[in-house]
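Novice: The structure's right below; bear with me while I get my questions together.
The values are calculated or read from the model by the stated rules, or taken from the named source; none is laboratory data. If you're wondering where the values come from, they're calculated on a predicted model, not measured in any experiment. Because the Cβ atoms are built from the backbone with ideal geometry, glycine has one as well, and the counts that use them run over all protein chains shown.
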Amino acid sequence: MLLLVVLTIFIVLIAVFYFYISEKYKYFEKRGIVSPKYEFFFGHMRDTFFKRRHVSCIFEDMYQKYKNKEQVIGFFDITTPYLLIIDPELIKQVLIKDFKHFRNNEFSLLSDKKKDPVMALNPFVMRNEEWKQKRIEVATGMTQNKLRSMFPLVHDVSKRFVEYLNREIEKNAKRVFDARDISVKYTCDTVASCIFAIDGGSFTKKESEIINMGNKMIRSISDAAKSFFSKRLMPQDVQDFFVFLMEEAIKYRENNNISRDDFLAHIINLRRKKNMSDVELVAHGVTFFLDGFDTSSVALAPIFYELGRNPEPQQKLRQQLLAEFPNDDDINYDKLLEHPYLDQVVYESLRIHPPICFANRECSEEILLDTNKGKIFIEQGTKLFVPLLSIQHDNGFYHDPMNFIPERFDHGIKEYSDKGILIPFSQGPRMCLGMRFALLQLKCAIFEIVRNFEISVDTDKTPEHLEIDPSEFLMNGKKDTMWLKFKSVKT
Ligand code: HEM
């Protein structure tokens, strides 16, 4: 009898659970929004849940199936409904025109001010008015003038990069280099120099403490993002390490009366003007460090890879750079950033390999979105994604989209970004804050390396098609899959 009662309760519970979930899955049907077939319980994200496929692949499948037919698709992550906006005009409406309604993203849910005082002050995870204020504070530290004064620091690191490769090649001419590893070394040292005013030592030391701490921070953020429970994003020892670096950098600058118009000077100024706490101060440094180190390295590795696979554009770039800038010091910030073909090379790689494959938003004020299927009511709290990568890979916008052809931008890049089809840094008031600094880092590295070396891909160790690591948030290639050879052009 007891067994029968238990069994009945169990069956009723399952039936209620089934009914409850089935009702949730009617979300899009009730709103007349197209949604691909879902799997019970997993929705559309089973393969990302088990880390078998990167989220970019799931978005790409949906994009390919519905492009030119729909502008908005619905999908479920487990049972949470999301919208995927796949039309460039509608994307502009969400990210730019109706920004007021979509000013926040979901990442703020990851941070907790008490547990993570430093990470909670990164604009990426802030909301509403607090976000706006912090964004202005960070942005005024990255004006063109400040970047101009950071140029010699970044340029110095790119020269150290060349020296490192020369040293390694001298030791062993057959040496091959992991594109991920050398890119991390470079971006780590550029940010260490620009924010903390130190030499990160990535090209000279066997092990760089700052890279280790950076990697630990990224692992911890990634674990917290995957966890069901609220976790600290930045471990205490990593926070202590960066607090120490920041304090030392400020002390050194003040004690030695060094005056330079850069990001560190901006932070010191902010402290004076706004009576900023030490935590706020360090948060500025860490915001800059985290993105400048990680996102930029994920962008840089595939540029080397594409140049290595495509000798013609590589040769063309080298010829132009050597003819226009025979000596290292013929270059400056403005000439570097405005060099047309270098710009085309960098953007063509960012088009094929954007380090962040989507923009995420949460609706903060309800709105009616105009679509080709009529008006869609978006209620407050609705979450949505913009598939940056799929837009940039669309063969309707780009001929032969997976091939590296910088010449496709011969008539200008602006036309493509204005159309909303070249958006590696996203668009609108919440687009990447570090775009100019990132372009400075990438272009300076390519400038020095291409002038000094012929790059080729080690085809024995590198697969024909790059595979993205499904366990990572960024579009990082799988470990040990991108191997490069460098041959000095001066020998
Ligand atoms: C090639 C390298 C980089 C790429 C492709 C990139 C791309 C992006 C993208 C797609 C977003 C999301 C924008 C959105 O939600 O609409 C973003 C946000 C952001 N990026 Fe970058 N990024 C790069 C490097 C950097 C660097 C070097 C920094 C800082 C020095 C930086 C700082 C930020 C910040 C603070 C945000 C949050 C902006 C906000 O929510 O207001 N990024 N980035």
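Novice: Taking the criterion of being closer than 20 Å to Val157 by Cα, in contact (Cβ under 8 Å) with a residue 12 or more places away in the chain, surrounded by 21 or more Cβ atoms within 10 Å (Cβ to Cβ) and touching a His at 6+ places or on another chain (Cβ under 7 Å), would at least one residue in segment 446-466 satisfy it?
Specialist: no
Novice: When you go through (1) more than 20 Å from Phe425 (Cβ to Cβ); (2) in contact (Cβ under 8 Å) with a residue 12 or more places away in the chain; (3) surrounded by fewer than 21 Cβ atoms within 10 Å (Cβ to Cβ) one by one for Leu307, which number turns out not to apply?
Specialist: (3)
Novice: Take segment 358-400 and flag every residue that is at pLDDT 95 or above, more than 25 Å from the chain's Cα centre (by Cα) and among the polar types (S, T, N, Q).
Specialist: Gln380
Novice: Given Ile9, Ile14, Ile58, which one is aliphatic (A, V, I, L, M), within 26 Å of Gly428 (Cβ to Cβ), out of contact with any strand residue (DSSP E or B) (no Cβ under 6 Å at 6 or more places or on another chain) and in a helix (DSSP H, G or I)?
Specialist: Only one candidate qualifies: Ile58.
Novice: Moving on to the next point. If I ask for residues that are more than 21 Å from Glu163 (Cβ to Cβ) and hydroxyl-bearing (Ser, Thr, Tyr), which ones from segment 286-339 would you list?
Specialist: Thr287, Thr295, Tyr305, Tyr333
Novice: Counting just the residues of segment 201-225 that are in a helix (DSSP H, G or I) and among the small types (Gly, Ala, Ser), which one comes out nearest to Cys188 (Cα to Cα)?
Specialist: Restricting to residues being in a helix (DSSP H, G or I) and among the small types (Gly, Ala, Ser), the top hit is Gly214.
Novice: Right, something else. Just wondering, is there one or more residues in segment 438-449 that are outside any loop (DSSP other than H, G, I, E, B) and away from the ligand (no atom under 16 Å from the Cβ)?
Specialist: Yes; the residues of segment 438-449 include at least one that is outside any loop (DSSP other than H, G, I, E, B) and away from the ligand (no atom under 16 Å from the Cβ).
Novice: Go through segment 350-371 residue by residue and tally those that are assigned to a strand (DSSP E or B) and more than 9 Å from the ligand (Cβ to nearest atom).
Specialist: Within segment 350-371, residues that are assigned to a strand (DSSP E or B) and more than 9 Å from the ligand (Cβ to nearest atom) number 6.
Novice: Against the definition (within 16 Å of the ligand (Cβ to nearest atom), buried (at least 19 other Cβ atoms within 10 Å of the Cβ), modelled with pLDDT of 95 or more and farther than 28 Å from Arg135 by Cβ), how does Val345 come out, yes or no?
Specialist: So Val345 passes the test.
Novice: Something else now. From the set of residues in segment 124-182 that are within 16 Å of the ligand (Cβ to nearest atom) and of a type in the set (Gly, Ala, Ser), which is farthest from the chain's Cα centre (by Cα)?
Specialist: Ser149
Here's the yes/no breakdown for (1) among the polar types (S, T, N, Q); (2) part of a helix (DSSP H, G or I):
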{"site": "Ala283", "(1), (2)": "no, yes"}
{"site": "Asp291", "(1), (2)": "no, yes"}
{"site": "Ser297", "(1), (2)": "yes, yes"}
{"site": "Gln319", "(1), (2)": "yes, yes"}
{"site": "Pro326", "(1), (2)": "no, no"}
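Novice: Can you tell me which residues in segment 63-75 are surrounded by 15 or more Cβ atoms within 10 Å (Cβ to Cβ) and either touching a helix residue (DSSP H, G or I) at 6+ places or on another chain (Cβ under 8 Å) or in contact (Cβ under 8 Å) with a residue 60 or more places away in the chain (or both)?
Specialist: Answer for segment 63-75, where residues must be surrounded by 15 or more Cβ atoms within 10 Å (Cβ to Cβ) and either touching a helix residue (DSSP H, G or I) at 6+ places or on another chain (Cβ under 8 Å) or in contact (Cβ under 8 Å) with a residue 60 or more places away in the chain (or both): Tyr63, Lys67, Glu70, Gln71, Val72, Ile73, Gly74, Phe75.
Novice: Still on this structure, please answer the following. Scan segment 420-437 residue by residue and report those that are more than 6 Å from the ligand (Cβ to nearest atom) and either part of a loop (DSSP other than H, G, I, E, B) or under 11 Å from the mean Cα position of the chain (by Cα) (or both).
Specialist: Passing the criteria: Gly420, Ile421, Leu422, Ile423, Gln427, Gly428, Pro429, Met435.
Novice: Is at least one residue of segment 154-171 within 26 Å of Leu121 (Cα to Cα), surrounded by 15 or more Cβ atoms within 10 Å (Cβ to Cβ) and not acidic (Asp, Glu)?
Specialist: Checked against the condition, which is being within 26 Å of Leu121 (Cα to Cα), surrounded by 15 or more Cβ atoms within 10 Å (Cβ to Cβ) and not acidic (Asp, Glu), segment 154-171 yields at least one hit.
Novice: From the set of residues in segment 382-415 that are free of Cβ contacts under 8 Å to residues at least 24 places away in the same chain and in a helix (DSSP H, G or I), which is farthest from the ligand (Cβ to nearest atom)?
Specialist: Looking at the filtered set, the residue picked out is Glu415.
Novice: Is at least one residue of segment 404-424 more than 25 Å from Asn105 (Cα to Cα), in contact with a strand residue (DSSP E or B) (Cβ under 9 Å, 6 or more places away or on another chain) and surrounded by fewer than 19 Cβ atoms within 10 Å (Cβ to Cβ)?
Specialist: Within segment 404-424, not a single residue is more than 25 Å from Asn105 (Cα to Cα), in contact with a strand residue (DSSP E or B) (Cβ under 9 Å, 6 or more places away or on another chain) and surrounded by fewer than 19 Cβ atoms within 10 Å (Cβ to Cβ).
Novice: Right, here's the next one. Collect the residues in segment 266-280 that are part of a helix (DSSP H, G or I) and either away from the ligand (no atom under 16 Å from the Cβ) or crowded, with 23+ Cβ neighbours inside 10 Å (or both), keeping them in residue-number order.
Specialist: Hits for segment 266-280 are Ile267, Ile268, Asn269, Arg271, Arg272, Lys273, Lys274, Asp278, Val279.
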